[in-house]
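The structure under discussion appears below in the form of C-alpha cells.
The values are calculated or read from the model by the stated rules, or taken from the named source; none is laboratory data. Since the model is a prediction, treat every value here as computed from it, not as a measurement. Using ideal geometry, Cβ is built from the backbone for each residue, glycine included, and neighbour counts are taken over all protein chains shown.
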Amino acid sequence: MPYFAYKFLLHGLLRLPDPFFAALFVLVHPVYKALHMKRAYGRVIGHLQKCGFSERTPGVTARDVFKSLYWNGIDSYRLLARIPSATRRVRYENEQVIQSAVAQGPVVAMSIHQGAFENMHRTLCRYSEHVHLVTNTFKSGGLTRALREVRSDPHLSEYSPEDVGKVIRNLFKTKGIIAMVVDQARNTKGNLVQLFGRDTTIYLRLAVKANQMGAGVVTFRTFSETVTGPHGGKRREHVVRFEKYYPPRFDQNELVQSIAKEIESWIADHPEQWCWNYHRNFTTQNNS
C-alpha cells in the first residue's frame, strides 16, 4: 500500500467516534481470539496465570489485556495526530522530576510498553528541544513513512538501531533526552532480572552506559483510567507520571535492580494495560 493511502487511512480512522471502535472490538475480538489461541492470546493467558493475576480478586483476563491494548493504541495515535479531543484528556504528574533532571544535564528517560506508550516520546518534547529516539522500520516503506510523519515533532530526532553511538554523542552534545522503552527490544543484549518471581530480560544497557558517562536517568510511565466528566459522564483519561531520578554514575547493578522493581510495581498497578502479548516476555536469551 502506498504512503498516501496509509496516511489517509490512518488520519481518517482516528477521527471516527468511540462507539464505532467499541462496536468494532466486539466483532473483532472473538475472531482474533480463535485465530491466536496458540499464539499471542494463549501466551497472555499463560503469563497471567503464572504471575498470579488471573487468581486475584478481581482477576485479569486476556480479554481485559487486549481491550486495553486496543483502546490505548487508538488513543496513542490520536494523541500523536494532535486531535484536540484526545490531548485534552492527558494529565501530567510529578513534572518537577523531569524538569529538574533536564536542568542538570543530559537525561535518559525510560518507561515500558504500558498505557498509551506510543505517545511517550512526544511527551518528552514538552521538556527539551532535543529528544532522541531509536526506532525500528516496518517491511512496508509506506507504513514506516506514514508512522514517522505522525510521530514527528520539531524537537524529535529519530535514529535506526545501528546508530546507537551517534545517539549517545548527540545526547551529550545537545544536553537533551534519550527516550527509551526498556521491556522490549530486537537484536540486542539485555539485563537478566526477575518480574513476579520469573526470570526475564529488560534492556537497560544503553541507559546504564549513558548514566556512567554522566547522564541522569528518569523513570516515567503512562496509564489510562476511567473518570467522571464535568457533566457526569464517563471518559478515559491518560496519566503521564514521572517517578524517580537516578543521578549520573549511579551504581550499575543497583540501577538495574531498582528499575526492575519499579517496572514490576507499574505492571502490578495496571496489569491489564501492559503488553503481555509480546513474544519475548519472560525469556532470558541474549544476556551477558
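Restricting attention to segment 36-58, which residues are in a loop (DSSP other than H, G, I, E, B) and at negative phi?
The first filter runs over segment 36-58 and keeps only residues in a loop (DSSP other than H, G, I, E, B), leaving 37-39, 51-58.
Once the filter is applied, which keeps residues that are in a loop (DSSP other than H, G, I, E, B) and at negative phi, segment 36-58 yields 37, 38, 39, 51, 53, 54, 55, 56, 57, 58.
Looking at (1) in contact with a helix residue (DSSP H, G or I) (Cβ under 9 Å, 6 or more places away or on another chain); (2) under 29 Å from residue 198 (Cα atoms); (3) exposed (fewer than 13 other Cβ atoms within 10 Å of the Cβ), which is the one condition that is false for residue 15?
(2)
What are the residues in segment 264-288 that are modelled with pLDDT of 95 or more and not in a loop (DSSP other than H, G, I, E, B), if any?
Within segment 264-288, 264, 265, 266, 267, 268, 269, 271, 272, 273, 274 qualify.
Could you please let me know if residue 69 is in contact with a Ser or Thr (Cβ under 7 Å, 6 or more places away or on another chain) and within 30 Å of residue 218 (Cα to Cα)?
No; evaluated as a whole, the condition is false for this residue.
Within segment 236-258, is there a residue that is in a strand (DSSP E or B), more than 23 Å from residue 104 (Cβ to Cβ), more than 18 Å from the chain's Cα centre (by Cα) and modelled with pLDDT under 95?
no
Out of curiosity, is residue 70 over 27 Å from residue 198 (Cβ atoms), touching a residue at least 12 places away in the same chain (Cβ under 8 Å) and buried (at least 17 other Cβ atoms within 10 Å of the Cβ)?
no
Taking the stated definitions as given, is residue 261 closer than 22 Å to residue 99 by Cα and either out of contact with any strand residue (DSSP E or B) (no Cβ under 8 Å at 6 or more places or on another chain) or not in a helix (DSSP H, G or I) (or both)?
no
Looking at this structure, is residue 110 within 24 Å of residue 151 (Cα to Cα), of a type outside the set (Phe, Trp, Tyr) and at pLDDT 95 or above?
Yes; evaluated as a whole, the condition is true for this residue.
Do any strands (runs of 3 or more DSSP E) entirely within segment 83-200 hold 1 or more residues that are in contact (Cβ under 8 Å) with a residue 40 or more places away in the chain, and if so, which?
Ranges flagged: 90-93, 107-111, 131-134, 177-181, 191-195.
Would you tally the residues in segment 213-264 being at negative phi and in contact (Cβ under 8 Å) with a residue 24 or more places away in the chain?
Start the filter on segment 213-264 by keeping residues that are at negative phi, which leaves 213, 215-231, 233-248, 250-264.
Filter once more, keeping what is in contact (Cβ under 8 Å) with a residue 24 or more places away in the chain: 213, 215-224, 235-248, 250, 252, 255-257, 259-260, 262-264.
Selection size over segment 213-264: 35.
Are there any pairs, at least 6 apart or on different chains, whose C-beta atoms fall under 8 Å, with the first in segment 43-63 and among the β-branched types (Val, Ile, Thr) and the second assigned to a loop (DSSP other than H, G, I, E, B), and if so, which?
44/276; 44/277; 45/54; 60/53; 60/54; 61/54
Conditions (1) under 17 Å from the mean Cα position of the chain (by Cα); (2) crowded, with 16+ Cβ neighbours inside 10 Å, marked per residue:
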site: 119; (1), (2): yes, yes
site: 128; (1), (2): no, yes
site: 133; (1), (2): yes, yes
site: 149; (1), (2): no, no
site: 152; (1), (2): yes, no
site: 170; (1), (2): no, yes
site: 201; (1), (2): yes, yes
site: 205; (1), (2): no, yes
site: 209; (1), (2): no, no
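Can you go through 26, 60, 31 and tell me which one is modelled with pLDDT of 95 or more and within 30 Å of residue 197 (Cβ to Cβ)?
Of the residues listed, the single one that is modelled with pLDDT of 95 or more and within 30 Å of residue 197 (Cβ to Cβ) is 60.
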